[in-house]
Amino acid sequence: MKKSVLLGTLAVAGLAAGVASASTLEEVQARGALNCGVTTGLVGFAAPDANGEWDGFDVGVCRAVAAAVLGDPSAVNFVPTTGQTRFTALASGEIDMLARNTTWTFSRDVDLRFEFTGVNYYDGQGFMVPRELGVSSAMELDGATVCIQTGTTTELNLADFFASNNMSYEPVPIETNAEAQQQYLAGACDVYTTDASGLAATRATFEDPTAHVILPEIISKEPLGPLVRHGDNEWGDIVRWTLNALIAAEELGITSANVAELAAGTNNPEINRMLGSEGDLGGMMGLSSDWAVNAISAGGNYGELFERNIGENTPIGLARGLNAQWTDGGLLYSPPFR
Amino acid sequence: MTIQVVALLLIALAFYWLGHNIVSNLRQLGKDFDFGFLWSRSGYDINQRLIEYSNNSTHGRAALVGILNTMLVAALGCALATILGVIAGVLRLSKNWIVARLMTVYVEGFRNIPLLLWIILIFAIMTEATPQPRDFRGDNPDASMILFDSVAVTNRGIFIPSPVWGDGAGLLLIVFALSLAAIWAFRRYAHKRQEATGDILPVFPVSLGLFLVPTLLVYFAFSAAISRDQYPLMGVGGQQGATLEQFVEENRNPSICAIPDTAVVNLSTELRAIGQRADIVSVSSAAQMQESLQSGDCVLAVMPPDVAATMAGSLDGVDLVTLGQTIDRGRPLQFERPQLAGFNFEGGIQLRNSLIALWFALSLYTGAFIAEIVRAGILAVSRGQTEAAFALGLQPSRTMNLVILPQALRVIIPPLISQYLNLTKNSSLAIAVGYMDVRSTLGGITINQTGRELEGMLLLGLFYLVLSLLISGVMNIYNTSVKLKER
């Protein structure tokens, strides 16, 4: 009995060790599906719709990567993660990539051994309060009770903001956005703080969004982007350049509607290189030559994803702002496809 | 024998292999094994802290805050669970049909539904069914405080008055300690006398008298002596003889220097009454207070009259004025009651909803198990014991206390230890309601911010192991003292 248990353990451990050594790309291709970590539910960024299909801006990135790698945007297993579980899930290999409003910071990149593959949303931390409190500035929040998701950079920014302005506050730690919403609406906290985009998304789901104001102060830089584990640079490249392809596609005017037509060949060499009718950029990454066509047709280019999920015509109503193309005065700037 | 040696070797090999596997996997991930993170700045805040802690403290200190929070809820839980369990266990044996059935419903209901559901249910009731602090505001508020305006039940927790020690508290404590010693001596004397002569002295009334009378006398005497003392308020700038309200009107959110005592509490009460948060900087001496006023760290100070006399006019370049209002010096022991100021209730002690939900759920759940243990213990004492005691003429209460319970305890204690251990370990469900126990600080935020999963989890496991062994050790000592002694 003892021996068989032992042998079993050895066998399982050996298998686990064997799996860990294969490259992420091979693993994903063998599995036939991408394991993508997302939030537990933040409307507009990642949330299951009425049919149980995951939808949203971050989800769009996952689907684009799945389309580029496997040719099928629906070949994604979405793994909901909380602020506390996301890094463990990625480090342990439970997920292949994380697209979960995660802020790119030095320590996460260097010390936690992750690799950020770009920024898909430039954000900053804001505060939301009920209108009836009559607060018009974050500097009036001395003594307030603040709902805060634990294990996030917002938690640290919050502490710094109140300390540097010589104010006190009472943190109410919560795990998920849904929990925060419930606590905030019940009045268990006066203020909810998270990334401004998250606040807008949360407010859009309220019964009466006009009864809540988002304060003008943005207290931090929060560049949000997808990330992968350190050490597998080929996989990191795939995720990075898929995101870049979405951004470049918007700049070059490639949309989900015209991508098939443009893929046949155009007189713009950069479009030709990217869409595979000239050279073999896909082959250099170990993908098929139509990887970018697949990624763009999955959910459209960056601009289409933005407008459909969180743009001004959605209930969330976020303006492009910093997230406009560099040609429009924003920060989005994809390196050339060459 | 050979098989045992082989098995031992195999097990040792397996452990070696597991260890090696961890080390090589960590190396592959490029991670080292290092506890240095415990001494780096944590950067996050914790709402419930039993010791001094801020976001400038270390991760180690954050872990300590969490450890104390875990121990607090475990101790509170064990105490309440024992009380509930004993009551329910005894009542379940009651001859009254309704009482016995009710207890059956309690026991079966709580021990057959998962603990997590109870925690979340109690928390949801606490946050959804109670008023927000802002409902207490206004001339005709939706909610009001209870028990002579001393307790506020809100959806952020229950605010209760907190005791504050003032001048003369030391004397009060000495008198109280002496009273306790006198009670102990008297009971000893009464016990000896009863054994010698059979006379029963009125132990309870005398004890109660000794417990209360001397302390109360000293308290009132001391209060009468000092309670009329008034401490002056010194402000920087403003008008000579202004009231506190006028001063606050001119200086929004003034920072206040004071040597912590009851006068500070009285000042805070006055401030909150005019809707101002009390932002008090503690100083340790008159000299330090003078320095703070001079440097502008605080603009208002409360101090004894003699200190005020020396300070007036001694500050260079600072226009120090005496306000027209004075503050009571206070009593040896005072209660600071919660008041609405700013966004929230301030002053007093806040029992957060997370603590209450966790505490009650753990107690009710474990209490149901303890009730069954107590019932089993009582049923284990044979009926003959009760009958024999009655035959000797013992009253029912004495029969219970002197005959039944001491014997039942021998059966009750060992399973009770396991229940205490269960409760302690179950307290790690705190994360469900955001209670900042060690699982949430060290095992949650710290691990997340530093990425030290292995180290954090090992420390967490070690802590629960040590705590459980400690509880078990202490309870075993108690068990040895009550168990059947063979002579």
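The values are calculated or read from the model by the stated rules, or taken from the named source; none is laboratory data. A quick note: this is a predicted structure, and the numbers were derived from the prediction, not measured. Glycine gets a Cβ as well: all are built from the backbone with ideal geometry, and neighbour counts include every protein chain shown. The protein model used for the area step is the full one, side chains on, heavy atoms only, and it has no ligands, DNA or RNA in it. Shrake-Rupley method; radii C 1.70, N 1.55, O 1.52, S 1.80 Å.
For region B:23-36, a residue qualifies if it is within 11 Å of chain A (Cβ to nearest Cβ) and either modelled with pLDDT of 90 or more or over 15 Å from residue A:112 (Cβ atoms) (or both), and the qualifying residues are B:24, B:25, B:28. One residue is enough: does region B:117-140 have a residue meeting the conditions assigned to a strand (DSSP E or B), buried (at least 16 other Cβ atoms within 10 Å of the Cβ), under 29 Å from the mean Cα position of the chain (by Cα) and within 14 Å of chain A (Cβ to nearest Cβ)? No - not one qualifying residue is present in region B:117-140.
Listed here are the helices (runs of 4 or more DSSP H) enclosed by region A:197-275 that have at least 1 residues being within 14 Å of chain B (Cβ to nearest Cβ) and hydroxyl-bearing (Ser, Thr, Tyr), and there are none.
Listed conditions (1) open to solvent by less than 20 Å² (accessible area, probe 1.4 Å); (2) without any contact (Cβ under 8 Å) to a residue 40 or more places away in the chain; (3) assigned by TED's automatic domain parsing to the domain that holds residue A:91 are all met by residue A:206, apart from (3). So, residue B:14, is that one more than 20 Å from residue A:111 (Cα to Cα), without any contact (Cβ under 8 Å) to a residue 12 or more places away in the chain, within 14 Å of another protein chain (Cβ to nearest Cβ) and not basic (Lys, Arg) or not? Against the criterion (more than 20 Å from residue A:111 (Cα to Cα), without any contact (Cβ under 8 Å) to a residue 12 or more places away in the chain, within 14 Å of another protein chain (Cβ to nearest Cβ) and not basic (Lys, Arg)), residue B:14 qualifies.
Quick grid of which residues meet (1) assigned to a helix (DSSP H, G or I); (2) open to solvent by 50 Å² or more (accessible area, probe 1.4 Å); (3) over 13 Å from residue B:439 (Cα atoms); (4) out of contact with any Gly (no Cβ under 6 Å at 6 or more places or on another chain):
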position	(1), (2), (3), (4)
B:38	yes, no, yes, no
B:52	no, yes, yes, yes
B:69	yes, no, no, yes
B:75	yes, yes, yes, yes
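Could we say that residue A:173 is open to solvent by less than 20 Å² (accessible area, probe 1.4 Å) and either β-branched (Val, Ile, Thr) or within 21 Å of residue A:138 (Cβ to Cβ) (or both) here?
Yes.
Can you pull out every residue in region A:102-114 that is open to solvent by 20 Å² or more (accessible area, probe 1.4 Å) and under 17 Å from residue A:58 (Cα atoms)? If the condition is that a residue be open to solvent by 20 Å² or more (accessible area, probe 1.4 Å) and under 17 Å from residue A:58 (Cα atoms), then A:104 is the only one that fits. Of all residues assigned to region A:156-165, none qualifies as being in contact (Cβ under 8 Å) with a residue 24 or more places away in the chain, in contact with a Gly (Cβ under 7 Å, 6 or more places away or on another chain) and surrounded by fewer than 23 Cβ atoms within 10 Å (Cβ to Cβ).
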